[in-house]
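Visitor: Here you go, one structure.
The values are calculated or read from the model by the stated rules, or taken from the named source; none is laboratory data. As the structure is a computational prediction, the values presented were derived from the model and not from experiment. Here the Cβ positions follow ideal geometry from the backbone for every residue, glycine too, while neighbour counts run over all protein chains shown.
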Amino acid sequence: MLRVILWIVIGFIAIAGLAFVGDTFNRRSIRNTSIRSVDFSRLPDGVYDGEYKRGRFSSKVRVTVLSGKVAKIDVLQDMQYQSEVTQKAVGAVLEAQSLQVDTVSGATITTRAFLKAVENALAK
């Protein structure tokens, strides 16, 4: 019986270790993902959907372009409990009319996932 319990504990430790390594890899990957510059003034009017997924980090957006400007960004799917962070990023993109904005302090990964989703929408 003790041997079974020991193997169960070892199994849990191994699974937790693998999850930690995978999560660390995804975080590093998102931090190093480049956000390309998109010339909003060259975009045709319309509504564009885009998403970005990397492990548990994801964002799905709908971007509305009017007269060469991004007029609205709707966040359709966000990482859990991060909507306030994403709304700050939405405001930054709308104000700057650019994806080259600073990330929200303390939420670099969430912000970059959002920016990549917007980039993916506008690259279609």
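Visitor: Sort through Val38, Val47, Val61 and tell me the only one that's within 19 Å of Thr103 (Cβ to Cβ), over 11 Å from the mean Cα position of the chain (by Cα) and modelled with pLDDT of 90 or more.
Guide: Val38
Visitor: Quick check on my filter: what residues within region 55-95 are within 18 Å of Leu122 (Cα to Cα) and of a type in the set (S, T, N, Q)?
Guide: Within region 55-95, Ser58, Ser59, Thr64, Ser67, Gln77, Thr86 qualify.
Visitor: Condition first: modelled with pLDDT under 90 and surrounded by fewer than 19 Cβ atoms within 10 Å (Cβ to Cβ). Can you find one or more residues in region 108-118 that meet it?
Guide: Yes, region 108-118 contains a residue that is modelled with pLDDT under 90 and surrounded by fewer than 19 Cβ atoms within 10 Å (Cβ to Cβ).
Visitor: Residues of region 57-106 being in contact with a Ser or Thr (Cβ under 9 Å, 6 or more places away or on another chain), aliphatic (A, V, I, L, M), touching a residue at least 24 places away in the same chain (Cβ under 8 Å) and part of a helix (DSSP H, G or I), which ones?
Guide: Within region 57-106, Val85, Ala89 qualify.
Visitor: Output the number of the condition that Asp102 fails; it satisfies all remaining conditions of (1) surrounded by 15 or more Cβ atoms within 10 Å (Cβ to Cβ); (2) in contact with a helix residue (DSSP H, G or I) (Cβ under 9 Å, 6 or more places away or on another chain).
Guide: The one condition Asp102 does not meet is (1).
Visitor: Touching a strand residue (DSSP E or B) at 6+ places or on another chain (Cβ under 6 Å) and farther than 21 Å from Gly46 by Cα: which single residue out of Thr86, Thr108 fits that description?
Guide: Sole residue among the options that is touching a strand residue (DSSP E or B) at 6+ places or on another chain (Cβ under 6 Å) and farther than 21 Å from Gly46 by Cα: Thr86.
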